[in-house]
Amino acid sequence: MVEQGSETDTHRSEADQTSGAVDLEALRAQGAVLKELLTFLAQNLVTNPGAVEVTQGESNDSAVLELHVDKQDLGRVIGKQGRTAKSLRTILNAAASRANTKVVLEIVED
């Protein structure tokens, strides 16, 4: 019984090592999905959807998404007392939690 358990642990550690590379690729793919989600949400909030631009960066343990919108639409994206921005962050974090990642949304004023 003990020997079987130790064999399982060795296989598990090998699987963890190989899945590390896959997780990095999965994180990048998840970042692209989050970027598309944010773009879709922002374009449906603003009056000038052509000006919406989302750039993706990476931090140590999370994806960083920067949202650029037309100056006139900045208030629509932020909302009263930041409620719309908070809702966008909540949606993005819910989507990111499916892949066990974190996301940071930065609304950039140009």
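The values are calculated or read from the model by the stated rules, or taken from the named source; none is laboratory data. Remember, it's a predicted structure, so these values are computed and weren't measured experimentally. As a convention, Cβ positions derive from the backbone with ideal geometry for all residues, glycine included, and neighbour counts pool all protein chains shown.
Could you say whether any residue in the range 33-49 is within 17 Å of the chain's Cα centre (by Cα), modelled with pLDDT under 95 and of a type in the set (S, T, Y)?
no
Anything in the range 35-62 that is in contact with a Leu (Cβ under 9 Å, 6 or more places away or on another chain) and in a helix (DSSP H, G or I)? List them, or say none.
Listed by number, the residues that qualify are K35, L37, L38, T39, L41, A42, L45.
Scan the range 47-69 for residues that are over 17 Å from G31 (Cβ atoms) and touching a His at 6+ places or on another chain (Cβ under 9 Å) and jot them down.
A51, V52 - these are the residues of the range 47-69 that are over 17 Å from G31 (Cβ atoms) and touching a His at 6+ places or on another chain (Cβ under 9 Å).
Identify, from the list L65, L88, the residue that is closer than 19 Å to E36 by Cα, of a type in the set (A, V, I, L, M, F, W, C) and part of a helix (DSSP H, G or I). First the steps, then the outcome.
Values: L65 fails: part of a helix (DSSP H, G or I).
Of L65, L88, the one residue that is closer than 19 Å to E36 by Cα, of a type in the set (A, V, I, L, M, F, W, C) and part of a helix (DSSP H, G or I) is L88.
Quick check on the range 74-84: of everything there that is touching a helix residue (DSSP H, G or I) at 6+ places or on another chain (Cβ under 7 Å) and surrounded by 16 or more Cβ atoms within 10 Å (Cβ to Cβ), which residue is nearest to N48 (Cα to Cα)?
Here the residue is V77.
Please give the number of the condition Q30 fails out of (1) modelled with pLDDT of 85 or more; (2) under 12 Å from the mean Cα position of the chain (by Cα).
Answer for Q30: the failing condition is (1).
Give me the pairs: first residue in the range 55-77 and within 23 Å of N44 (Cα to Cα), second residue of a type in the set (S, T, Y) and exposed (fewer than 11 other Cβ atoms within 10 Å of the Cβ), beta-carbon distance under 9 Å, and six or more apart or on different chains, which are they?
D70/T47; Q72/T47; D73/T47; R76/T47
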